[in-house]
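Notes for the one structure printed next.
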Amino acid sequence: MENKPISRTLRLLSQLMELHEINPFKIKSIANAAFKVDKLPYAIAEKSLAEMEKIDGIGKSTAAKIAELLETGTIKEMQELLDATPEGVVEMLGIKGIGPKKVSIIWNELGIENTGELYYACNENRLIEAKGFGLKTQEEIRKSIEFRMASNGKFLYARVEPEANQLLDDIRELIVGALVEFASDFRRLCEVISELVVVVGTRDNEITMNALSQSALLKNITVEHNHINGELENGLLVDIVCVEKRNFYKELFLQTGTDEHTEAVLKRINDEVEQPESEELIYIKSGLSFIKPELREGTAYIDRAENNQLPQLISYHDLKCTLHNHSTWSDGVNTVEEMALYCRDTLKLEYLGMCDHSKSAVYAKGLSIERVLQQQEEIDHLNKKLNGIYVFKGIESDILGDGSLDYPDEILKKFDFIVASVHSNLKMDEEKATARLIKAIENPYTTILGHPTGRLLLSRKGYPIDYKKIIDACAANKVIIEINANPLRLDLDWRWHQYALEKGVSLSINPDAHRNDGFLDMHYGVAVARKGGLAKEMCLNALSLQDITQVFKNKRSH
Ligand SMILES: [Zn+2]
Ligand SMILES: [Zn+2]
């Protein structure tokens, strides 16, 4: 064994001991030994126990641990500590910027047990309040987790978007007059991106390839056939496909849809479409109406395109309001009034729904009954005072372990609408989770089912649910399902939107904003809603103020 893995193991042991608050003197000596081993100019594994004991900074007891590690592959004391620590907590010890003391607070006081939850907690500002943390530490932790999340080569769409757009601009600037478009999963608005594909069409391929390969647009550039491969600064792989202008649209079409999709379309063409002047032409020749890039997953929409029945996809400008948002009453950063003014003046929305956390969400300063009443008084006052924006009184009620909501009925009925979400006890099997959600859906006060699976993309799998049963229950109880627009959630997954829509279940694009700029996440919600085939008629927050008021009232009278 080399020195590196030995020193890494000793460091982990010292971190675990610190996490579990074991004798600080011992911790220090093991941490020192870890540092020492790393710096030794020879392999410590080749030394005898007696020789190890004599090395300055190692000592008898640590030498025995190293010997045990070399002999058995582990250290018993460390194994016991590992057994007493959730796997996700051990992983958090590896995050830059937080030592064992902070991890201990995160784990024991905030109840956070893995990196994904920690990342989301940064978004909800839960760290700022904890001892020894501040806005700056929270920001550092968030960045370093983002870096780790990207280390397996996959990126959230939202994290890729700014650099991707920059790259496209740079290519356009470098190769004047070229046709340049994104393709593949980024153009299809996929929620997770593993490679950014760009198609470039010019008159002279050779000149283009030379210019691109000699540019500083990408790191680690390699050239193969007509592809320029490289990486963005953040590590995302990029594939630039260079073709002659006359082949551009065919290539763009081929590079955009999944293979299953492009094959199904091309199979329908009898005569040639060698050099189409647009993608539309390819679909026309196939006897199909034009299928937007975000719908080009498999063959899902081919039949509907043949019968001219494609959905009119929703766009951001169709949204009239934003529901499910958190203010300073619970764990948000802005006051209700600040949020209302931002929605009115900057986002040009007509109304807004506040949904602070309910009383069981203690970590998020969930509202006691008394505070619910105070907040409602404030909202009534704001609605009298403010023109041009209406604020609905909502709550994000925790779905408790048994599926019930978080307040007695006489309080529940005071809200205009209720988003019901699971935030605790996420470790459930499918049967338990499905039953718990259905109980909440059947509650007559539930208006919207919030983030149905609790997933955090790239970092936490949601609890398993029986999607069909959940959606059927929503249909039966006239409950709307949220598309949580936070780029980490995007839950309800777009793959289930069509099933929900077929059952007559409306969807609501909810930013779950915890500060004013959180509202902008609705753009990502719209992206996956389009991908799911949502039209504005079936989107709750695209309804007029009058219509949504009626929806809330109808739900109440049931
Ligand atoms: Zn929530
Ligand atoms: Zn929320």
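The values are calculated or read from the model by the stated rules, or taken from the named source; none is laboratory data. What you see is a predicted model, and the numbers here were worked out from it, not measured in a lab. When we count neighbours, we look across all protein chains shown, and the Cβ atoms used for this are built from the backbone with ideal geometry, even at glycine. Surface areas here come from the heavy atoms of the whole protein model, side chains and all, with no ligands, DNA or RNA. Shrake-Rupley method; radii C 1.70, N 1.55, O 1.52, S 1.80 Å.
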(1) under 21 Å from the mean Cα position of the chain (by Cα); (2) closer than 30 Å to W329 by Cβ; (3) part of a helix (DSSP H, G or I): which one isn't true of E91, the others all being true? (2)
Filter segment 421-434 down to the residues that are more than 16 Å from ligand 2 (Cβ to nearest atom) and either polar (S, T, N, Q) or crowded, with 17+ Cβ neighbours inside 10 Å (or both) and list them by number. N425, M428, A433, T434
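What are the residues in segment 442-454 that are open to solvent by less than 10 Å² (accessible area, probe 1.4 Å) and either more than 16 Å from ligand 1 (Cβ to nearest atom) or hydroxyl-bearing (S, T, Y) (or both), if any? Outline the logic, then answer.
Of segment 442-454, the ones open to solvent by less than 10 Å² (accessible area, probe 1.4 Å) are 446-454.
Passing the criteria: T446, T447, T453.
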Any idea how many residues of segment 501-516 are open to solvent by 10 Å² or more (accessible area, probe 1.4 Å) and closer than 14 Å to L349 by Cα? 1
Can you name every one of the strands (runs of 3 or more DSSP E) wholly within segment 152-248 that holds 2 or more residues which are at pLDDT 95 or above and touching a helix residue (DSSP H, G or I) at 6+ places or on another chain (Cβ under 7 Å)? 179-183, 195-202, 237-244
Given the conditions (1) surrounded by 18 or more Cβ atoms within 10 Å (Cβ to Cβ); (2) more than 16 Å from ligand 1 (Cβ to nearest atom), report the number of the one that Y119 does not fulfil. (2)
Could you identify the single residue in I395, I389, I418 that is more than 16 Å from ligand 2 (Cβ to nearest atom), among the β-branched types (V, I, T) and buried (at least 21 other Cβ atoms within 10 Å of the Cβ)? I389
State which residue pairs qualify: first residue within 30 Å of K292 (Cα to Cα) and open to solvent by 60 Å² or more (accessible area, probe 1.4 Å) and inside segment 535-558, second residue among the hydrophobic types (A, V, I, L, M, F, W, C) and in a helix (DSSP H, G or I) in any location, beta carbons under 9 Å apart, and separation of 6 or more residues or different chains. K536/A542
Residue in segment 416-436 that is more than 14 Å from ligand 1 (Cβ to nearest atom) and over 28 Å from E113 (Cβ atoms) present: yes
Taking the condition surrounded by 19 or more Cβ atoms within 10 Å (Cβ to Cβ) and at pLDDT below 95, does L457 pass? yes
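Which of the residues that make up segment 258-277 are open to solvent by less than 40 Å² (accessible area, probe 1.4 Å), assigned to a loop (DSSP other than H, G, I, E, B) and in contact with a helix residue (DSSP H, G or I) (Cβ under 7 Å, 6 or more places away or on another chain)?
Selection gives I269, V273, P276.
Out of V103, V90, which single residue is open to solvent by less than 10 Å² (accessible area, probe 1.4 Å), under 26 Å from G462 (Cα atoms) and not aromatic (F, W, Y)?
From the options V103, V90, the qualifying one is V103.
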Taking the residues in segment 447-484 that are within 15 Å of ligand 2 (Cβ to nearest atom) and of a type in the set (S, T, N, Q) as candidates, determine which candidate is farthest from S360 (Cα to Cα). N484
Of all residues being within 26 Å of the chain's Cα centre (by Cα) and surrounded by fewer than 20 Cβ atoms within 10 Å (Cβ to Cβ) in segment 293-310, which is farthest from ligand 2 (Cβ to nearest atom)? Just the residue, please. G298
It is to be established whether one or more residues within segment 377-395 are at pLDDT 95 or above, within 14 Å of ligand 1 (Cβ to nearest atom), farther than 18 Å from L520 by Cβ and hydrophobic (A, V, I, L, M, F, W, C). yes
Working only within segment 460-472, note down all residues that are open to solvent by 10 Å² or more (accessible area, probe 1.4 Å) and more than 16 Å from ligand 1 (Cβ to nearest atom). K461, P464, D466, Y467, K468, K469, D472
Per the filter on segment 166-201, residues open to solvent by less than 10 Å² (accessible area, probe 1.4 Å) and of a type in the set (V, I, T) are I171, V180, I193, V197, V198, V199, V200
